[in-house]
Structure formats: structure tokens, C-alpha cells
1. Could you check how many residues of region 1-29 are assigned to a loop (DSSP other than H, G, I, E, B), open to solvent by less than 50 Å² (accessible area, probe 1.4 Å) and more than 25 Å from Arg65 (Cα to Cα)?
2. Residue pairs, Cβ under 6 Å, 6 or more apart or interchain, first in region 7-32 and within 22 Å of Arg127 (Cβ to Cβ), second assigned to a helix (DSSP H, G or I) and open to solvent by less than 50 Å² (accessible area, probe 1.4 Å). List them.
3. Those residues that are part of a helix (DSSP H, G or I) and surrounded by 18 or more Cβ atoms within 10 Å (Cβ to Cβ), I need them from region 30-56; list them, please.
4. Check every one of the helices (runs of 4 or more DSSP H) wholly within region 66-145 and list those with 1 or more residues that are closer than 15 Å to His7 by Cα and open to solvent by less than 40 Å² (accessible area, probe 1.4 Å).
5. I'd like the full set of residues that are at pLDDT 85 or above and either hydrophobic (A, V, I, L, M, F, W, C) or in contact with a His (Cβ under 7 Å, 6 or more places away or on another chain) (or both), limited to region 119-134.
Amino acid sequence: MSSRVFHILAQKGNTVITVRADDPVLDVATTLARHNIGGAPVLGADDQLVGMISEKVIVHALSQRGADISTLTAKDIMTRDTPTATPDDSIYDIACRMTYSRSRHVPVMENGKLAGLVSIGDIVKLRAENAEQEARELQDYVTGSDHGAVKSPNDAPPMQCGDKES
């Protein structure tokens, strides 16, 4: 079974930190830093998605405009042609869209409304967890088959993404 966007949203939730198109860039940077996030969808006056803003976009604008960045708003520097996803899209497809568009964040849209946000980190985490689960299942299958060359591991279970090392 292929993982879908809704699998990620079920784990992380669908709360999304957003900014407004007319928010000053310095306020946007403060919002990103306060929430420890790398990007946010930009909403227009009608609460519709109009673009994405990220640390990368802000740094690029700073390199181009210097101190004048304080006069800019989110709409002045946001990425307008950002890829989007639906909850039923496959993780593989979203990863490809991110790669081709060089985006680290993809807004998830459902019925024309913002329903979540998927980051490259979310995809990596899900893929790592799936690979770990598959490895455990294969180990259980092989060790449960009384295969003479394989012994049951006596080690602690492998760490999950987000666990801290002791």
C-alpha cells in the first residue's frame, strides 16, 4: 500500500501557521522563528491561498534588497506558483513535486480550502518509520520461520523518529 498525504496529516494534525499577504516581511520572519518552522502558506484577503513564503525566500529577498526588506510585505516576495496536494495524493508524487519545484513545503487543499501542510521533513519521517516497520516485519518473519542462520535480536527495539537517545 502506498502512503498518502492523509497519513501524514493524521500524525501531525492539520493545524497550519499561516501569514497574510499584507504582513510585513519582518513580521513573517518573526512568525516563522516563533513557531520554529521553515515556511508558511500566504493567505489573501478572502482567506484563499495565494502563495508560500519560506526562510529561503526571505534570505533571497534580503540579499537583493538589504535593509529595504523592512518595506516589503509577504506578497512582494512570496512564491506564487507553489505546488499543492490533496489528502489522497501519494507521498511519492508529493516528493516528486517538491523536488521539481525545489519546494520544501506543500499546502494541502481540500474542497478549495487549506487543509494542512506537508514538509519535506514530514515525508522523510514517514518514509523512515515505514522502512523501520518493514525491517521489523521482515526480521519477525525470518526469525519466526526457524531459519537456522538467523537469531532473534536481544537488543532494545530501534528508535523511532523523534525519540531521544539515552
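1. Result for region 1-29: 3.
2. Ile8/Asp122; Ile8/Leu126
3. Applying the first criterion (part of a helix (DSSP H, G or I)) to region 30-56 yields 30-34, 55-56.
Result: Leu32, single match.
4. Details: elements: 74-77, 91-101, 120-144.
In region 66-145, the matching helices (runs of 4 or more DSSP H) lie at 91-101, 120-144.
5. Step one: filter region 119-134 for residues at pLDDT 85 or above, giving 119-125.
The answer is Ser119, Ile120, Ile123, Val124.
The values are calculated or read from the model by the stated rules, or taken from the named source; none is laboratory data. Computed from a prediction, not measured in an experiment: that's the story for all the values here. Glycine gets a Cβ as well: all are built from the backbone with ideal geometry, and neighbour counts include every protein chain shown. What goes into the accessible areas is simple: the full protein's heavy atoms, side chains included, and nothing from ligands, DNA or RNA. Shrake-Rupley method; radii C 1.70, N 1.55, O 1.52, S 1.80 Å.
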